[in-house]
Amino acid sequence: MTLVWHVVLVLFAKVILPPLAPSWFPGLGATVVNAAGFAGTWLVLWRWGWLRTSGVATLGRGRRWWLAAPMLLIAGSYAVAGLDGSTTALVSSLVSLLWVGVNEEVSSRGLVQQVLVPLGALRAAIGVGFLFGVGHVQNFLFFGAPLNDTLWQMLSAGLFGFACAGLRLAIGSVRPMVVVHGLDDFFQIRSPGAAPDWWQVCVYVFHAAFGVWLVRRYGSTAAAGPYGAADANHDGRPDQAGTLD
């Protein structure tokens, strides 16, 4: 399923669509490709009746959205040195990378994670992170990225995906991760320079540890489903279910 999703993205990006980079919206091509990928994944989830259970068509447990704050702070740390580019380039990048967040979170933390649910919380989260990380090898195979950079990106994406999988277990919605994912990509890409190696290592360690904590803390209650009876606060009151948008 992951392979098919990546093949479709590559076909749209390299074969089906003509180059789309007008001066008023340089990121138009990336936006269209990711919107198409999102639409395909949404249709699969809709057909299988998984829009809510996958966390795509629900706000989840609103009182737990704060759990995404540490990852949002990490994303913002890449903007400390400022942002590089004109206003048009920055706006274009922000829009296109938010669509990347939508597409990849709905596919990975939505569809793929839902498929892996029978493996149990920890194995499913590890599987999601592994598949998400390995999927970035396409940047080397098809988009000209250096192999060394691609390998580091695969590690970074895998650990990031693992932490996001833990967040989905805790929150019951992919929507907070869409925001974190889009902004993380935006600030990293538009930063005038790469973050120091020591900071990147700290981020890797944090994502791994945070993911493990989330899975252990919330994985058992998530097994009952986003709105199951096991999903209750310590005082016995169930969390309010999200609503369809």
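Worth pointing out:
- GLY55 fulfils the conditions (1) at positive phi; (2) not in a loop (DSSP other than H, G, I, E, B); (3) not aliphatic (A, V, I, L, M) except for a single criterion, (2).
- Flag for SER173 being among the polar types (S, T, N, Q), part of a helix (DSSP H, G or I) and modelled with pLDDT of 95 or more: no
- Residues that are in contact (Cβ under 8 Å) with a residue 24 or more places away in the chain, hydroxyl-bearing (Ser, Thr, Tyr) and part of a helix (DSSP H, G or I), drawn from the stretch 58-92: SER77, THR88, SER92
- In the stretch 116-131, the condition of being outside any helix (DSSP H, G or I), surrounded by fewer than 17 Cβ atoms within 10 Å (Cβ to Cβ) and hydrophobic (A, V, I, L, M, F, W, C) is met by no residue.
- Close pairs (9 angstrom Cβ cut-off, 6 or more residues apart or separate chains): exposed (fewer than 11 other Cβ atoms within 10 Å of the Cβ) in the stretch 18-43, outside any loop (DSSP other than H, G, I, E, B) and small (Gly, Ala, Ser) anywhere: PRO18/GLY29; PRO19/GLY29; TRP24/SER92
- Conditions (1) surrounded by fewer than 18 Cβ atoms within 10 Å (Cβ to Cβ); (2) at pLDDT 95 or above: number failed by HIS181: (1)
- Against the test of being over 14 Å from HIS6 (Cβ atoms) and either of a type in the set (A, V, I, L, M, F, W, C) or free of Cβ contacts under 8 Å to residues at least 24 places away in the same chain (or both), the options VAL128, VAL134 yield a single qualifying residue, VAL128.
The values are calculated or read from the model by the stated rules, or taken from the named source; none is laboratory data. All values derive from a computational prediction rather than experimental measurement. Because the Cβ atoms are built from the backbone with ideal geometry, glycine has one as well, and the counts that use them run over all protein chains shown.
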